[in-house]
Structures are given as C-alpha cells and as structure tokens.
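Scroll down for the structure; my scribbles are underneath it.
The values are calculated or read from the model by the stated rules, or taken from the named source; none is laboratory data. Source: prediction; values computed, not measured. Positions of Cβ are backbone-derived with ideal geometry, glycine not excepted, and every protein chain shown enters the neighbour counts.
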Amino acid sequence: MATTAATFDQVGHASHVDDRSFIRKYIFSTDHKIIGIQFLIMSLLFLALGGALAMMMRWQLGFPGRPLPGGSVLPETMAPGGVLLPEFYNSLVTMHGTFMVFFAIMPLLVGVFGNFLIPLKIGAPDMAFPRLNMASFWVAVSSGIIMLAGFLAEGGHAGAGWTAYAPLSETPEYSGVSLGQQLWCVSLIVLGLSSMLGAVNYIATVINLRAPGMTWFRLPLSIWALFITAILVLLAIPILAGGVIMLLFDQTIGTHFFQPAAGGQVLLWQHLFWFFGHPEVYILILPAMGMVSDIIANGSRKPIFGYHSMVFAIMGIGFLGWIVWGHHMFQSGMNPTLGQTFMISTLLIAVPSAIKTFNWLGTMWRGNLHFHVPMMHSVAFVAMFVIGGLSGVFMATTPVDIYIHDTYFIVAHIHYVLFGGSLFALFGAITYWYPKMFGRMMNPFWGKVHFWLTFVFYNLTFFPMHQLGLHGHMRRLYDPTQYEFLRALQPINRFISISAFLLFASQAIFALNFILSWFRGRKAEANPWRDNTLEWSVPSPPPHGNFAATPTVYRGAYEYSVPGADDDYLPQHRRLPTDPAPAPQPAGH
Amino acid sequence: MRYLWLVPFGMVLGVLGATGASRQQGGSIAGTVKFTGAPPANPKLDMSEEAACKGKYSTDPVVVVSNGALQNVLIYVKGGLPAGQKYSPPATPAVVDQEGCLYHPRTVAVMVGQPLEIRNSDPVLHNIKVVPKKNRGFNISQPTKGMKTTRTFTVEEITIPVQCNVHGWMHANLAVFAHPFFAVSGADGTFSIKGLPPGKYEIEAWHEKLGTQTLTVTVPAGGSATANFTFSAKAGG
Amino acid sequence: MPWSWLLPPGASTFAGKIDFLYYVILAVTGIAFVVVEAALVVFLVKYRSRPGRAAQYVHGSTKAEIVWTSVTAVTVVVIGLMSGPVWNLVKGRHSVPADAMPLAVTASQFEWHFTYPGPDGRLGTADDFTLRNQLHVVVNRPAVALLRSEDVIHSFFVPAWRLKQDAVPGLGIRVWFQPTQVGSFELGCAELCGLGHYRMRAQVTVHTQEDYDRWMAEQQTQNVAMR
C-alpha cells in the first residue's frame, strides 16, 4: 500500500515542475530533506546555546565568585553584579543537559539524519507519512519555545538537573522553582510527541519503502542504526512522558506519586526516568555509530569489516539498553542484590561495543585511507568512544562506582560518549552530507582546522575531569573551593575552564564554514565522496521526490575496491552484466 | 520588580490619602512590653562548623529580655479600623540583615507593597526561604557578603516564617499588613504606632514563643493612648 | 598529586578492596586503551592513501569476531565476579557487623545532623545527642548509620572511606563503615539537593577509643543537645 502511494507520488513530482509556494517548500514543507535541514538549523542553534550555558558554568568553576565577563547584562535573579547565583548555576546545569540531550544531540541524530538519510538511502521518494513528518518538526519547535520560556519564569528555570530527581524537582519549597520546572515538564511531553511522530515514520518507511533489491542485509549500517533507534524511541519516550506527566501532576493538581510523606515513592521517579534514560543513551549513540561506519568504509575505500556482526551488535546494544537502567541507581538505596544483576548486564554491554570498535579497526586495516574531514571526525569518534567505553567499565563495577558515582568521573565519561562520540560523529556526518543537503561543499581547509582545534581542546577539557573524579570531586558543585580537599584541585578546574573556552571559541570556525559554504561553497557534484549508496546517485541537492525512477539495488552498501572493477567503488544501483535482471515491477507501478 | 508599574499609581494614591485622611494629625498608641519572672533559657547554638560565624553568638535569641523589657514583640491594630479604607505603603524598605548567622531584627513587619530588603553581612552563603500561605513564596540565595535582595508582598499575612537552610537555626518572623499601624518592640520594650484616627481599637501583641495578648484602647482625636503588655514564661507554654 | 590516575589515600576497611578493584580495572582498560589506540594510529599511518595503494577487498573474519567477542565477554565477566563480593561487603544488607556502633544521620537542606547514642551506646535513649555537621567515630571500630533525609535526596559521601550512599526521603538506609585512620576528613553531599548543595559539608573526626571517650565525656558536661 505505502509503496504504491509513494511511488505514485514520486512519479507525479518527477514529471512536473516544482510549483509549490515558498511557504510550502521551505517552511511548512513535507519534503523529508527540507524537514531534515529545518531540524539541523534548530538543533545547531540549541547546540550553541547549550554550549554557551556550559561556558557560564565553567567560568564559575574556574573562577568561583568572580563576576562573569559581560554577566552584568543578566537580571538580578540570575547574576547580581555578574556573579552567578547558586540557584542560577543549578539552572545552567539543568538546562545545559536538557538542551544538549533533548534539543541538540537527539534531534541532530534522529531528526536531521533520520529524516534526511532514510528515504534517500533506501531509494524512497519521501517518508511514509510526510505530513506527520512536518508535524514532528513543528511540534519540536513548539517544545523548544516552551523550554526557552522557562528562563523568564519567576523563581528561575528548572534547577534539579536534567534528570529532575524528585522530590527536589517537584517541590518549590525545596528548590525555589515552580513555573520553570512545570514548563520543563510540559516541553518534554510535547517533545516526546514529536519524537514519537518521527519514530513511527522512520519505522514504517524502512519497513515498507525500500527500493527493489534493498534487502535488510543490504541496508547501510546508518539505516540499521536509525531503524533500531526509532524502535527504542517509540518504546522509551512513552515511559519518559508518563513519568514527566506524573511529575507535573504532583506539582499542579496535588498528586503525590513521588512524595513519601503522602505515601509516594521517591525512587519510582528514578526507575521511570532511567528506564527511559538508558535506552535514551543508546538513542544518542547508535545513529552516530551507524553513520561513522558508513564514513569509515568510504574513507578506507574498503568494505565494512564484519557487516553482520555490526548489525547484530546494534541490535544487541538496543536490547541490552533495556535491562541496565539500574546502574544509574547503584547508590540510590535500591536493593543491593539488584545492584549485582545490573552490574552483570551493564558489563555485558562492553561486548557489542567491543565488536563495533574492533570492526571499525578491521575496516581500516589494510585499507587505503583517505583523510577527508568526515573521515577525520569518524576516526576521532572511534578513538574517543574507546575512552568513553572503557571508562564505563569503572562505574559498571558496583564497588568502584561507590566511589566515583556522582563525581566528575561520570561527567568525563558522559562527555567522552556524547561529545567525543556523538558530536564528533555529527561534525563528520554534517560535513559528509552537507553537499547533498545544500549542493555545495564545506571548505575542507577550515574543516581540518576546526577538527584539530576541537580534537585538542576537547581532550584538554574533558580528560582531566577523570582525575577530578578520581580525587572525589562531586558533580554539580557551584563552588568546589568550599571543600578543603577540592581546593588542591582548583588548578585543574581552571585549566579545564580555559580549555573549554577555547573549545567553544573553536566552534565559531565550524559555524562560519557552515554558513559561508551555504552561499559560497564549491558546487558539489552528485557523488563528491565516491560513495556507493543511493543518495549519491541523484543530483546534489536531490529534487523533490528524490529519484527520477525507482532505483534497483544489486548489492550491499560497502562494495569498495572490488577486484576487477574499473573504480574503487561500486554503487548499489549499478547493474553489472553478471547481475540478474531487475524483477518485473508488480502491477500498479 | 513585577509590580514596578504600580509605583506611579501608588504615589497618586498616597497623595490622595495624605490629603483626604487625617493620618498626619492622627492619634497614636505607645507602650512597653514587659516580661515578668525568669525568662526561659534560649537554645544553645552550635556554630562550630561555620568558620564565618563561629563564636559570634552562643544562643538563639528567641526570648530577649533586658531589665524586664521584652524585645521582638509584634504589636498591631487588629480591629477597629474603618472598613474598606486603603493605605499606601511607604517607599522606604524594611531591612533584615544576616550577620553572624542570625537575622537582625528577628521580627520584621512590612506593609503590603512595601519593599523588604534582605542583606547578607556574612562572607558565607545564606538562603532565604519564605514559605507563606497567602503570598507568593520564594527561596533565594545570597552567596557573598554585601548582597541585597528586595521583595514585596501582596496580601496581609501574620506571620510568615523566614528561614535559612544552610544554618538550620536561623529563624525570623515576617508579618505583612494591609495598614501601616504596626510596630515591633525595641530593646527597651517600647513601641509606638502613629497616625491613627480617633476611635476604639483592638491591639494585639504577638511573640513567636510566648503567644499573643490582646488589649482594647481608645485613641482620642489628636491624642495618644497607652497599651502596655506583660508576658510571662507561662503565657506561651 | 592532583593530575594523577592514582587514588588519594584511603582510610577505611573498604578502601583497600575498592582501590584494588579500581587498579585491576585500570590495568585491564589501560591495556585495552593502549592496544586499541596504538593499533588505530599504526593503521592510520600504515594504510594511509598513497599513489598506487589499493585497499584489500575483504568483508570480515568470523575467527576474529569470535576472538574479540569472547575475550571481551570473559574479561568483563571476570571483573564482575571479582566485584560481587566487595559490593556485598559494603552494601549487602546482612554484612553489617553485629557490634557496630549505632548512629543516626539525618540529612536536610543543607546540613547533616548526627545523632550519637551517648554513653550507654544505644540510640533512642535519653542520653542521645545530636550535632550539626560533625561526625565523630572511633578508629578500627565498625559503626552503622541509619541514613534518613527530611526533604530531598542527599548523598552521604566520605571520599577517604570510599563510601557513598544516597539519603532518600521516606527510606531509612543502613550504611556501615570501619575507619582505619585517626584524623580529620571531609564528608560531602554528592547528590544535587538545591542551591546550597555545594556547601553541604561536614567534618569527620576519627578518634582513638580513649580520645573518643574523652570527647564523649565533654559532650555530656556541655550538654549541647540541639534537638
């Protein structure tokens, strides 16, 4: 059914001049490519904002109590005389996490590349439900506006951490925050709706709209990862929404789900949050792994090593993600016997993670490595993910976690996975698919400058956080110098802060390269990276409806350096004389 | 700050009030609050883990008696004011200072709309947690010495506890009145309430530990009335 | 030594065991880190594109997959098996020694209140007394604290003892420890608990038994019962 409708749609568009109005084409567009670009712009703005909030935190941590340069523009309720208030610092902590997780990394991976890549890579004209797709974006925008509005709320924005542990999060008497936290809840409920709309669409599209010959095991790993991610989103987001609705009800209509004095359970929130939250962690890394796999195979001019293992590893991580949430709660007062169980399941995640890492290495082994900018970011992804993965072993091990839980070791770990992992992958992916999105190349020289500065300052910022954690430095401290044993660590904190400022400043290069290339970049040909997958068989940018005729797929996505071939890549849609004739199209096509 | 736009209206109302009513020439109530018997022992304070305040105060001044005079009693007109009369708040703020990890004064009263200024004279974090029943509460911090925060209140409420969670012993009493006829007894136990129109009033004296006492006084036109209160250890239990 | 991967000195019976596990994991992950990153760098240099270079057309190796899957699985399972007993010792509900000195610890925004059993050694009697932000214990003698919270979640964290346990409103959690070193240590709150979280700090004093008895006697004469 869906295939028929879509194919009809595509034929209709391919044969007509595109006569949609500006608003239909660029604002309320149902074209998955435009929606992907809309998500890209929205989430890059939130990425910048989340980074700016982190800079304010780092100022306070590096130079506690000194007025923030330019901070006097902030209202008195945030920073009187430019000195950040502890409650505002808590809001910064909360909103940095919230923006980065929900409004930057997640939409960048799922909203941008799920949208942009899935139809193009499987040979479909658009998503299965284009209008749902458009709704998904505009619902996400509404959610973002609600979240931003929280900064104007009396009592300040939510300040209980992005994990919003009850009862601090829901009791204004304890936090001083009321409206801000309520807006936080409403925004996440609305955002959840957006993610669900996206997820059903991705799942339906991958299942139904694959081009002839695009069997499951010919799918690029990016599509496998996005598909599994969409399933995780579909199953995990309702848990978050349910929990957040309970939190909102506790605040507004007087329920007591998380209030022990009235019979509620404090730990219930943590169970709900992390039952969502751990799959969420994989939502934030799986698509990055998938795209990195595509880019590394391309950069190595070599088939991906162990394609099937990679697919099963994605599924394995997706499955294990559901049975490890308790490792966030080892010290929460949960029954210690459960701690043992969750330790084992958590440690097992090392297995699929190792499979992926070794297969990336295997892909590069005996390759013919081309270090274009996306490849540099992808290699950095592997190198950084190794650190993030290995540091995970420390906190998975319950006794060691007793010591490092809620310290900067955890902060280092999550940033090695989310920044060193996901964000490096995203810089690579944005550079890689930029020509397909905008028809122009990003400047490779400035791309490399940005990469090296980011790589160096990133490590200078986050690596020393391991050491802070190992010396017992707690998280979310407004002023660590209040503790005698942390005063000795202040030079590290200052070093980290300065590195962080340089890291943030380096991103201006990316921003400028992104914006200027849009207008002045070198025009991109259809297949600038000499890649195999279907999106490179159509012009850059592809027309509305993507493919002039439905492509037929003859092989997997990673046929590089095939012996005897006339070039070092062999696109999925190219029919060789040895390939069977395309199956006759069923009636109606 | 949310009600800043009300200021011009308030000023106009104030001028009208001053010309219309006879507050300036009104009568007054004055008196002394005394304490008989041995004052109850105040709780000891353990500030040893707070370097900035260590040793400054050793007891929590709940009941402060000197020469038989009781300090920190809130005295206010409870009944007898003309119904429906509106009063404009003074522009000068009432001030609460945090010094030596205690509030000074311990009992403070403001009028609806009158600014309450909270200062921190300690080089240490204090938070000011105000949880009223009728007004909008807040819980804010003052991490550094010399910080000031100003807040106003919208409806009458007697009384609202003020506390600091960093120093669990820190308590103050805040009262918000819809009229300007209130006072807090000083170190010598005296107080005075000025500008009252002639009439018969019910006066209440409130102490956080010793409870309340009520008197009825008649204020003659342009004259003054006396209201003396005497608390004892038994009164409040 | 702030810039170090060595842990700061420990001062409880847990520290040795937890630190040992930490160093085992540090060694294992350290080796994995060096091997993987070195292989990566070698590959990047050795297989970089040069004129005339062609990639080898190979799709994988089942043997290699089996090797790295099973090596990883065995390693993490061994780490898990080594960790189990230590976890049980620290957090297991039946591992609290019977002769442990009882204490009650109540956390509230932003203070720790320690209730001591007094000379009779039992909680819930008239000679109990409570101190703010001061924990006094005896060296080499186990103590067990009943950890409660009055408002939001806090976390009892003594870095030198390698001990951390959340204090959860509505729950009473028993946490035990045995200090091995006399001296002064810091206790912090490790769970974001509001605007004063960063200075929810207490001083831990570990006494010798004689010292402790003397201190206890002083407390009795001063009678600084706070609540």
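Checking each residue in the range A:487-530 for being within 14 Å of chain C (Cβ to nearest Cβ) and either touching a Leu at 6+ places or on another chain (Cβ under 8 Å) or assigned to a loop (DSSP other than H, G, I, E, B) (or both) picks out A:A488, A:L489, A:I492, A:N493, A:F495, A:I496, A:S499, A:W529, A:R530. Is it true that some residue in the range B:90-100 is at pLDDT 95 or above, buried (at least 20 other Cβ atoms within 10 Å of the Cβ) and either assigned to a loop (DSSP other than H, G, I, E, B) or in contact with a Leu (Cβ under 6 Å, 6 or more places away or on another chain) (or both)? No, the conditions are met nowhere in the range B:90-100. Of the residues making up the range C:201-227, those that are within 8 Å of another protein chain (Cβ to nearest Cβ) and modelled with pLDDT of 90 or more are C:R201, C:A202, C:Q203. Of all residues in the range A:314-330, those that are within 11 Å of another protein chain (Cβ to nearest Cβ) and surrounded by 24 or more Cβ atoms within 10 Å (Cβ to Cβ) total 1. Is one or more of the residues making up the range C:98-113 in contact with a His (Cβ under 6 Å, 6 or more places away or on another chain), buried (at least 21 other Cβ atoms within 10 Å of the Cβ) and within 14 Å of chain A (Cβ to nearest Cβ)? There is at least one residue in the range C:98-113 that is in contact with a His (Cβ under 6 Å, 6 or more places away or on another chain), buried (at least 21 other Cβ atoms within 10 Å of the Cβ) and within 14 Å of chain A (Cβ to nearest Cβ). In the range B:178-193, the residues that are in contact (Cβ under 8 Å) with a residue 60 or more places away in the chain and surrounded by 22 or more Cβ atoms within 10 Å (Cβ to Cβ) form Cβ pairs under 8 Å with partners that are small (G, A, S) and not in a strand (DSSP E or B), at six or more places apart or across chains, as follows: B:G189/B:G68; B:F191/B:S185. Look at (1) touching a residue at least 24 places away in the same chain (Cβ under 8 Å); (2) facing chain A (nearest Cβ under 8 Å); (3) part of a loop (DSSP other than H, G, I, E, B) and you find that C:K164 fails only one, number (3). Just checking, how many residues over the range C:32-89 are closer than 21 Å to A:V311 by Cα, assigned to a helix (DSSP H, G or I) and of a type outside the set (V, I, T)? Final tally of qualifying residues: 6. Considering only residues in the range C:170-198 that are within 7 Å of chain A (Cβ to nearest Cβ) and surrounded by fewer than 23 Cβ atoms within 10 Å (Cβ to Cβ), the one that is farthest from the chain's Cα centre (by Cα) turns out to be C:G170. The condition of being aliphatic (A, V, I, L, M), touching a His at 6+ places or on another chain (Cβ under 9 Å) and part of a helix (DSSP H, G or I) does not hold for A:A354. Please go through the range A:452-481 and give me each residue that is of a type in the set (F, W, Y) and either surrounded by fewer than 21 Cβ atoms within 10 Å (Cβ to Cβ) or within 14 Å of chain C (Cβ to nearest Cβ) (or both), ordered by number. Result: A:W452, A:F455, A:F457, A:F463, A:Y478. Can we say C:F114 is in contact with a strand residue (DSSP E or B) (Cβ under 7 Å, 6 or more places away or on another chain), under 25 Å from B:Q163 (Cβ atoms) and part of a strand (DSSP E or B)? Taking the combined requirement at face value, the residue satisfies it. Only residues that are under 18 Å from A:P287 (Cβ atoms) and touching a Gly at 6+ places or on another chain (Cβ under 9 Å) were counted in the range A:211-226, giving 8. So is C:L123 more than 9 Å from every other protein chain (Cβ to nearest Cβ), within 17 Å of C:G172 (Cα to Cα), modelled with pLDDT of 95 or more and surrounded by fewer than 17 Cβ atoms within 10 Å (Cβ to Cβ) or not? When the stated conditions are applied, C:L123 does not pass them. Scanning the range A:357-371 for residues that are in a helix (DSSP H, G or I) and either at the interface with another protein chain (Cβ under 7 Å from one of its Cβ atoms) or under 14 Å from C:V67 (Cα atoms) (or both) yields A:T357, A:F358, A:N359, A:L361, A:G362, A:M364. Quick check, is A:L348 closer than 30 Å to C:E191 by Cβ, within 25 Å of the chain's Cα centre (by Cα), at the interface with another protein chain (Cβ under 7 Å from one of its Cβ atoms) and without any contact (Cβ under 8 Å) to a residue 40 or more places away in the chain? So A:L348 passes the test. C:L147 meets all of the listed conditions (1) within 17 Å of C:P102 (Cα to Cα); (2) outside any strand (DSSP E or B); (3) in contact with a strand residue (DSSP E or B) (Cβ under 7 Å, 6 or more places away or on another chain) but one, namely (2). Might you let me know whether the range B:137-152 holds any residue that is of a type in the set (S, T, N, Q), without any contact (Cβ under 8 Å) to a residue 24 or more places away in the chain and more than 28 Å from B:E50 (Cβ to Cβ)? No, the range B:137-152 contains no residue that is of a type in the set (S, T, N, Q), without any contact (Cβ under 8 Å) to a residue 24 or more places away in the chain and more than 28 Å from B:E50 (Cβ to Cβ).
For first residues located in the range C:29-49 and at the interface with another protein chain (Cβ under 9 Å from one of its Cβ atoms) and free of Cβ contacts under 8 Å to residues at least 60 places away in the same chain, partners that are among the β-branched types (V, I, T) and part of a helix (DSSP H, G or I) and lie 6+ apart or on another chain with Cβ distances below 6 Å form the pairs C:T29/A:V393; C:V36/A:V386. Restricted to the range B:97-132, and to residues there that are of a type in the set (K, R) and away from chain A (no Cβ under 12 Å), the residue that is nearest to B:Q85 (Cα to Cα) is B:R106. Would you be able to say whether some residue in the range A:180-194 is on the phi < 0 side of the Ramachandran plot and in a loop (DSSP other than H, G, I, E, B)? No, every residue in the range A:180-194 fails to be on the phi < 0 side of the Ramachandran plot and in a loop (DSSP other than H, G, I, E, B). Filtering the range A:66-104 to residues that are surrounded by fewer than 16 Cβ atoms within 10 Å (Cβ to Cβ) and among the hydrophobic types (A, V, I, L, M, F, W, C) leaves only A:V73.
Criterion first (within 14 Å of chain A (Cβ to nearest Cβ) and of a type in the set (A, V, I, L, M, F, W, C)) does C:A143 satisfy it? So C:A143 does not fit the description; no.
Considering every residue within the range A:372-388, establish whether at least one is of a type in the set (V, I, T) and more than 10 Å from every other protein chain (Cβ to nearest Cβ). Yes, the range A:372-388 has at least one match. Of all residues in the range A:250-274, those that are more than 13 Å from every other protein chain (Cβ to nearest Cβ) and in a helix (DSSP H, G or I) have Cβ atoms under 6 Å from Cβ atoms of residues that are buried (at least 17 other Cβ atoms within 10 Å of the Cβ) and not aliphatic (A, V, I, L, M), 6 or more apart or on another chain, in A:D250/A:E170; A:D250/A:F257; A:D250/A:F258; A:Q251/A:E170; A:Q251/A:Q182; A:L272/A:G243; A:W274/A:W325; A:W274/A:H328. For the range A:320-342, the tally of residues that are outside any loop (DSSP other than H, G, I, E, B) and either of a type in the set (S, T, Y) or more than 25 Å from C:P169 (Cα to Cα) (or both) stands at 3. The sole residue among A:V386, A:V379 that is more than 19 Å from C:I25 (Cα to Cα), under 25 Å from the mean Cα position of the chain (by Cα), surrounded by 24 or more Cβ atoms within 10 Å (Cβ to Cβ) and of a type outside the set (G, A, S) is A:V379.
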